[in-house]
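Each value in this text was obtained by applying a stated rule to the coordinates, not by laboratory testing. Please read these numbers as outputs of a predicted model, since none were measured by experiment. When we count neighbours, we look across all protein chains shown, and the Cβ atoms used for this are built from the backbone with ideal geometry, even at glycine.
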Amino acid sequence: MAEHLENVANKLDKDAVRQMLEDITNARRIFVMGAGRSGLIGRAFAMRLMHLGLTSHVVGEATTPAVSKEDVVIAISGSGQTRSIANLGRVTKEIGARLVTITFNKESTLGEMSDTVIVLPGRTKNDVGGYDERHMRGEFTYLTPLGTSFETSSNVFLDAVVAELIFITGASEEDLKSRHTNIE
């Protein structure tokens with residue numbers, strides 16, 4: 001997995017990453033969405049954005065306000081084809097907000113409609129062939145099951161985005177701690 005993460009870091013499109021950082025810093029509010037484990041990664045990212053003092057929301061929560069043109073929506077989907085997230089991506093574009101997608105598949109439904117696409121290469125749950133079929137073909141991959149490599153890559157990447165945002169905003173660890181929940 002460590003080798004996989006190093007490979008992902010080496011293949012990142014630095015211009016797309018810069019654009020994502022710009023999208024976030026220029027937005028009035030940041031909305032994050034994903035389904036399943038990608039959604040959990042998104043929730044963690046939204047929490048860190050809040051710790052940074054940015055206004056962030058998780059799409060689908062009861063207290064999430066309406067998206068506007070001044071906002072950015074960040075979609076996390078390995079395949080870029082998850083129906084519910086792709087449909088919400090369409091709504092985002094109809095509203096006129098910026099759409100950033102983190103995916104394995106730039107040519108996906110979400111990738112094609114997004115303003116900014118971050119491609120995190122790796123195996124997704126939709127890869128063709130199971131363990132036995134791949135090994136019979138001589139394809140020996142040692143990545144984790146289903147979409148775990150994408151989800152782990154997303155989590156590490158988004159934590160790196162937070163680190164860069166800390167640098168950009170000049171926030172200190174004390175600033176982040178001051179916004180951490182105190183009733184858990």
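Key figures for this structure:
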{"read-out": "Whole-number percent relative contact order across the chain, with pairs defined as alpha carbons under 8 Å at least 6 apart", "value": "23 percent"}
{"read-out": "Ranked by how many other beta carbons lie within 10 Å on average, peptides 164-172, 52-60, 67-75 from highest", "value": "67-75, 52-60, 164-172"}
{"read-out": "Local net charge near Gly53, Cβ-Cβ under 10 Å (Lys/Arg +1, Asp/Glu -1)", "value": "0"}
{"read-out": "Lys pairs under 23 Å by Cα in the chain, provided they are eight or more residues apart or on distinct chains", "value": "6"}
{"read-out": "Normalised convex hull volume, the stretch 47-86, alpha-carbon set, Å³ per residue", "value": "97 Å³"}
{"read-out": "Percentage of interatomic Cα-Cα distances in the stretch 1-81 larger than 18 Å", "value": "50 percent"}
{"read-out": "Farthest positive-ward along the chain dipole, Cα basis, beta-carbon charges - from Gly96, Gly36, Ser178", "value": "Gly96"}
{"read-out": "222 nm mean residue ellipticity, helices alone, for the chain (DSSP H n ≥ 4; -39,500 (n - 2.57); rounded to 500)", "value": "-15500 deg cm²/dmol"}
{"read-out": "Magnitude of the charge dipole, the chain, Cβ model with Lys/Arg +1 and Asp/Glu -1, debye to 20", "value": "380 debye"}
{"read-out": "(1) 1.19; (2) 0.99; (3) 0.97, with the label sought being that of the calculated Rg/Rh (Cα atoms, Kirkwood Rh)", "value": "(2)"}
{"read-out": "Share of alpha-carbon pairs per 5 Å distance bin for the stretch 70-120, given as whole %", "value": "5, 28, 38, 21, 7, 1"}
